[in-house]
Every structure is written in C-alpha cells, then in structure tokens.
Amino acid sequence: MLALLSPAKSLDFASPLSTRKHSEPRLLDRAAELIELMREKDPAQIANLMHLSEELAQLNLDRYRDFTVPHTRANARPAVLAFNGDTYTGLDARASFDERDHTEAQKTVRILSGLYGLLRPLDLIQPYRLEMGTKLVTERGGDLYQWWGTTITDLVRDDLAASPGPDVVVVLASAEYAQAVHTDALDARVITPRFEEVNPDGRAQVISFCAKRARGAMAGWMVRHRIRGVRALRDFDGLGYHWDADASTPAQPVFRRARRTGA
C-alpha cells in the first residue's frame with residue numbers, strides 16, 4: 001500500500017533534522033541530466049518557462065549551478081524534512097514522526113518530483129524548483145511527462161510490490177503530479193480521497209490550501225497508524241474531517257468538515 005504526495009515549492013534547509021536516517025535518490029542520474037539542461041538557460045528563459053519573477057528565476061538558476069552529485073548529509077537533506085508547504089505542514093513529520101515512523105514512511109510513502117522523478121521520504125535532495133507541469137523541451141519530448149515516460153510508473157509498481165499491505169495506491173498528490181503515474185498500468189486499486197469544506201448553507205467545496213494540508217495529514221495518519229487497507233481509510237479524522245458515506249464512491253472517499261473562519 002503506497003500513498004503518493006506532491007512536492008512543495010517552499011523549502012526548509014535550516015531547521016534541525018529529526019532523524020539521522022537518509023537514503024540516495026534512485027533516479028539521481030536522470031535528475032543530473034535535467035540540471036545540465038537548466039544550467040544552459042539564462043534567468044529570462046527560466047522566468048518564462050516556469051512563470052517566475054526575475055528574482056526567483058535567478059535564485060533557481062543559482063540552485064542549478066550549485067547542484068552537486070553525489071548528495072550527502074553535508075549538502076542535502078531528506079525530502080520529507082526539506083519540503084515545507086501546506087501538504088508537509090499537514091504531514092507533520094518534523095514534530096510527530098519517531099524513528100519507526102520514518103522507517104514506515106520509507107516503505108509506504110512516495111513523493112512525485114519534476115526533478116527527481118520519484119522520491120522516498122528519506123531520499124536526500126538539494127534545493128530546487130522544477131514543477132512536473134513544466135514544458136521543458138528535451139530529447140524525449142516537449143515536457144517533463146514525456147521526459148519521465150514510464151520510468152516513474154515502473155518504479156511505483158516495484159515499490160508497491162515491496163510495500164506492506166494490499167496492492168493499493170492512495171493518490172494524495174495534485175492532479176499535475178498524479179498525471180506522471182500511469183495508474184492503469186499498475187495492476188492495483190487506485191484510491192483518490194477528496195477533502196471538502198461545508199459552508200453554512202450546506203454547500204460543499206474543495207479549497208486548495210485546505211485540501212493540500214488534508215492530503216498531507218492523511219499521509220501522516222496512515223504512517224503513524226500503519227494503515228494496511230482501504231476500509232481503514234474511512235477512520236481518518238485528522239484536522240476535523242470525517243468520511244461522508246453518501247458523498248463517497250469506492251474509488252473516491254470524500255471527507256468533509258465545517259468550513260472554518262478564514263478558509
């Protein structure tokens with residue numbers, strides 16, 4: 001049983017690490033090839049390609065130029081402790097994972113990445129920004145989906161076979177990243193939870209930043225509770241969400257909570 005997450009644009013390479021465990025990204029050679037392509041571009045090209053300000057474009061060009069192989073504890077940090085957006089706030093690995101949880105996550109959580117392809121939580125990464133939807137022209141095609149081809153899917157399939165529990169993939173990644181996995185080729189059950197906020201008038205809607213945090217919270221809950229089956233997902237109650245039987249389908253369980261002030 002595997003949970004799939006998106007990466008985050010926000011990064012944290014300063015806070016203390018909560019574990020000394022780490023691993024090496026398995027597609028690092030392919031990542032280095034992408035870095036070489038990005039190093040050839042100037043700030044204006046990067047800004048246009050990735051829809052960034054000139055300042056952010058220069059920052060990321062500097063990151064590409066500083067990228068080094070191999071990754072070590074001295075120049076990189078585990079992905080689950082480096083990403084710092086809403087999803088990782090919900091996941092709460094820094095504060096709530098003990099060493100056994102990190103070991104469990106390494107078996108059951110995967111992070112999709114435009115640069116690294118597929119990451120285990122403890123895989124070391126260096127600062128970068130390269131979103132999966134980037135239309136970067138390479139020898140393999142006109143975007144990163146074509147660059148990665150079936151590589152990510154093949155690795156997910158292998159990891160799923162080695163993971164504990166049934167052959168189930170829980171997609172907690174955004175649509176942009178989930179598209180990188182050809183789920184129809186996995187020979188596995190695919191579950192895509194949906195997280196909704198219920199307004200005072202009873203109308204339910206997905207609010208992006210709330211859903212991102214909820215997806216991370218579910219992944220963290222799955223790790224801490226060693227979830228091994230689809231039915232057990234109904235018990236998720238993190239951040240005030242609860243399973244709604246009437247709104248759910250077998251492939252898309254729906255979790256709802258009352259809309260909170262400011263959301």
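Taken together, the values in this text are just the output of simple stated rules run on the coordinates, not laboratory data. Model, not experiment: these values are computed from the prediction. Because the Cβ atoms are built from the backbone with ideal geometry, glycine has one as well, and the counts that use them run over all protein chains shown.
Set the Förster distance to 35 Å, then compute FRET efficiency between E54 and A251 from the Cβ-Cβ distance, nearest 0.05. Before the final figure, lay out each step's value.
Details: r = 43 Å, r/R0 = 1.24.
The calculated FRET efficiency here is 0.20.
GluC sites (Glu not before Pro) within the stretch 121-178: which are DSSP loop residues with at most 12 other Cβ atoms inside 10 Å?
Working: sites: E131, E139, E176; in loops: E131, E139.
Filter output for the stretch 121-178: E139.
Could you calculate, for the stretch 158-263, the ratio of the Cα radius of gyration to the Kirkwood radius, expressed as Rg to Rh? Please report the intermediate quantities before stating the final value.
Values: Rg = 14.2 Å, Rh = 14.6 Å.
So for the stretch 158-263, dividing Rg by the Kirkwood Rh gives 0.97.
Counting residues in the chain as N, plug N into 2.2 N^0.38 Å and put the Cα Rg over that result.
Details: Rg = 18.4 Å, N = 263, 2.2 N^0.38 = 18.3 Å.
In units of the globular-protein estimate, the chain measures up at 1.01.
Which of G240, G114, G216 ends up with the largest GNM mean-square fluctuation for the chain, with Cα atoms connected below 10 Å?
G240
Under 25 Å Cα-Cα from K212, which lysines qualify once same-chain neighbours fewer than 8 residues away are excluded?
K9, K107, K135
In a Gaussian network model over the chain where Cα atoms closer than 10 Å are linked, find which of V190, V80, V171 has the largest mean-square fluctuation.
Taking springs between Cα atoms under 10 Å, the residue moving most is V190.
D98: net charge of surrounding residues, Cβ under 14 Å, Lys/Arg +1, Asp/Glu -1, itself excluded?
Working: positive: R20, K21, R94, R100, R224, R226; negative: D92, E99, D101, E104.
Computed value for this residue: +2.
So how strong a dipole does the stretch 2-258 carry about its Cα centre when Lys and Arg Cβ are +1 and Asp and Glu Cβ are -1, to the nearest 20 debye? Before the final figure, lay out each step's value.
On the way: 33 positive and 35 negative charges, 123 e Å.
In debye, rounded to 20, the stretch 2-258 gives about 600.
Mean residue ellipticity at 222 nm from the helices of the chain, using -39,500 (n - 2.57) per DSSP H segment of n ≥ 4 over the full residue count, to the nearest 500 deg cm²/dmol? The partial results should precede the final answer.
On the way: 11 runs with 95 residues, N = 263.
The per-residue figure over the chain is -10000 deg cm²/dmol.
Using modelled backbone amide H atoms (1.01 Å from N, in-plane), which distant-in-sequence or interchain residues come within less than 5 Å of A8's amide H?
The answer is N84.
What does the charge add up to near A79, with Lys and Arg as +1, Asp and Glu as -1, over the other residues with Cβ less than 13 Å from its Cβ?
Overall, the nearby charge balance is +3.
Springs between alpha-carbon atoms under 10 Å, Gaussian network over the chain: tell me which of L17, L186, L118 tops the mean-square fluctuations.
L17
What is the antiparallel percent of DSSP beta bridges lying wholly in the chain, to the nearest 5? Before the final figure, lay out the partial values.
On the way: 11 of 27 bridges.
Antiparallel bridges: around 40 percent, rounded to the nearest 5.
Over the Cα atoms of the stretch 116-183, how large are the radius of gyration and the largest Cα-Cα distance (Dmax), in Å?
13.0, 39
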